[in-house]
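Below you'll find the structure, written out as structure tokens, and then a few comments.
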Amino acid sequence: MPAPPTYLLIDGHSVIHAWPELRKEHRVASRRHLARTELLKRLRNLQDMTGVQVVAVFDGAKQGTNEEREPEGLQIIYADPGTTADTIIERLVAKYADERPMRVVSADGMVRETILSLGAEWISPEILRSMCDSAERDMRTRLA
């Protein structure tokens, strides 16, 4: 039986605020969607090149938790206003970390401590950037 895929859970806004070029776009209300779009593009490239299952979780503004699944692609979750991305990530880790490898990307120290205690690995937004850069270099090499 093949090993279950590794899941990479991303706190979307935590990464957006940690990466200067995304933070710059996010500061302008009319351009916030561009920061999210660019992050998701980079996460798609990472998933395509590594085979890791990427789940991006964002704090939401609309009623009800909303989830999008791209065929063979990213899973994107928007938290409802009464829940945070941190809470959703912690719940997912608590539920699934015993069954499959899980890594979490967040700049939040409390999230890091919680997910580590639940059996997941932690990755900083800076390490995620390096992983995305490497995946994109590999993609360019394969296409050349």
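Descriptive notes on the structure:
- Scan of region 1-33 for residues that are aliphatic (A, V, I, L, M), in a helix (DSSP H, G or I) and either modelled with pLDDT of 95 or more or buried (at least 16 other Cβ atoms within 10 Å of the Cβ) (or both), ordered by number: V15, I16, A18, L22
- Flag if Y96 is of a type in the set (S, T, Y), farther than 16 Å from L128 by Cα and in contact with a strand residue (DSSP E or B) (Cβ under 9 Å, 6 or more places away or on another chain): yes
- If the condition is being in a helix (DSSP H, G or I) and more than 19 Å from I127 (Cβ to Cβ), then region 91-109 contributes R91, L92, A94, K95, Y96.
- Candidates I127, I88: the one that is free of Cβ contacts under 8 Å to residues at least 60 places away in the same chain, under 15 Å from the mean Cα position of the chain (by Cα), part of a helix (DSSP H, G or I) and surrounded by 13 or more Cβ atoms within 10 Å (Cβ to Cβ) is I88.
- With respect to the conditions (1) of a type in the set (S, T, N, Q); (2) over 20 Å from P20 (Cα atoms); (3) crowded, with 20+ Cβ neighbours inside 10 Å, Q53 lacks only one, and its number is (3).
- Residue match in region 69-82 (condition: modelled with pLDDT under 95, within 22 Å of A120 (Cβ to Cβ), touching a Leu at 6+ places or on another chain (Cβ under 8 Å) and not polar (S, T, N, Q)): yes
- Within region 110-124, the set of residues being among the acidic types (D, E) and in a helix (DSSP H, G or I) comprises just one member, E113.
The values are calculated or read from the model by the stated rules, or taken from the named source; none is laboratory data. None of these values were measured; they are calculated from a predicted model. As a convention, Cβ positions derive from the backbone with ideal geometry for all residues, glycine included, and neighbour counts pool all protein chains shown.
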